[in-house]
Structure formats: structure tokens, C-alpha cells
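Worksheet for the structure shown next.
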Amino acid sequence: MRLENTGIEDSIVDIKPLDRLMGKHAFIRAGQWDYERVTYDYKISSKEKNITYYIRIQGYAVEGDVDRGNAVIKLMTPLLGKHYYPHGVEYGEEENFPENLVNRAADLVSKVKKEIEIYTK
């Protein structure tokens, strides 16, 4: 599910402060990057058996290189996904997400967006 109109999409930020503030809000990049793209995930556990939710914020380098740590990242529309063990994460619009989860996701993205504004170019 796309989390539309969060205001974070199209933000342009240097990779180093972006990594710091995303980590501060428990969005983890870990090994999810290549030379031109980054993905930050926020894990939300569920009481449902074998289900975990993720808020995913992706971005791509408009200049520089992620590997070298000098990239300038343009963020994309955040996603809310549902991980089905062992099959993977589904982001489709046909997925059903509890309203409280969607509200929580929007709130978390909003908090990140407020801090990103300090660093946007």
C-alpha cells in the first residue's frame, strides 16, 4: 500500500544525515542498498501468526554514490507492506491493513519528514 501525500516523497537529502535520522526513528537500511538506491525498513510485529508489517521508504541517488557515502538521495512514496512467512513482503492494494496500523505508519513517516526538512536541499 502506498502511503500517499506524506510530504516525504521527492525530498532530497545527503545520505549521511539521512542514515542518521532514519536510524534514530528505527528505519533500518542494513544491506538494502546498491550504488544508486537505498531502502529503509521499519518493522512492526503482529499478533497474527507468521505476519510482520513493514513501512518501507525508498530513494535513489540523484548525484554521488551510496557506496562511497557521498550520495544525494531523492526519496520516493513510502510503502506499507505485509510479510507472509516464508513468501515475502506484499505491497499490493488488495492487501487489507488495519486502520490503526495505517494511522501509525502515517504518524511515523510524518515524524521522519519533520526532521528531514532540516536537511533537504
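Read-outs: derived from the displayed coordinates by stated rules, not from any lab. What you see is a predicted model, and the numbers here were worked out from it, not measured in a lab. Heads up, the Cβs are rebuilt from the backbone with ideal geometry, glycines too, and the neighbour counts pull from every protein chain shown.
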Can you tell me how much longer the chain between R20 and Q32 gets when fully stretched, taken as 0.36 nm per residue apart minus their C-alpha distance, in nm with one decimal?
-> 2.8 nm
Using only Cα atoms, find the angle between the long axis of helix 99-119 and the longest principal axis of the chain, and express it within 0 to 90 degrees, rounded to the nearest 10.
-> 10
Over the range 36-121, what is the mean sequence separation of C-alpha contacts under 8 Å (at least six apart), divided by residue count, expressed as relative contact order in percent?
-> 21
Loop sites in the range 12-120: trypsin sites (Lys or Arg not before Pro), DSSP, at most 11 other Cβ within 10 Å = K47, K49, R68
Which residues does a label at V102 reach in the range 57-80, if reach means a backbone N under 18 Å from a point 7 Å past the Cα toward the Cβ?
-> 77-80
Degrees between helix 15-24 axis and first principal axis of the chain (Cα, 0 to 90, nearest 10) = 40
Considering only DSSP beta bridges with both partners in the chain, what is the antiparallel share in %, to the nearest 5?
-> 100
Do me a favour and compute the ellipsoid semi-axes for the range 27-84 from its Cα gyration tensor, root of five times each eigenvalue, largest one first, whole Å.
-> 27, 10, 7
Between the DSSP loop rule and a limit of at most 14 other Cβ atoms within 10 Å, which GluC sites (Glu not before Pro) in the range 20-121 are left?
-> E48, E93, E94, E95
Helix-derived mean residue ellipticity, 222 nm - over the chain, DSSP H n ≥ 4, -39500 (n - 2.57), to 500 | -8500 deg cm²/dmol
Taking the convex hull of the alpha-carbon atoms of the chain and averaging its shadow over every direction gives an area in square nanometres of 7.3
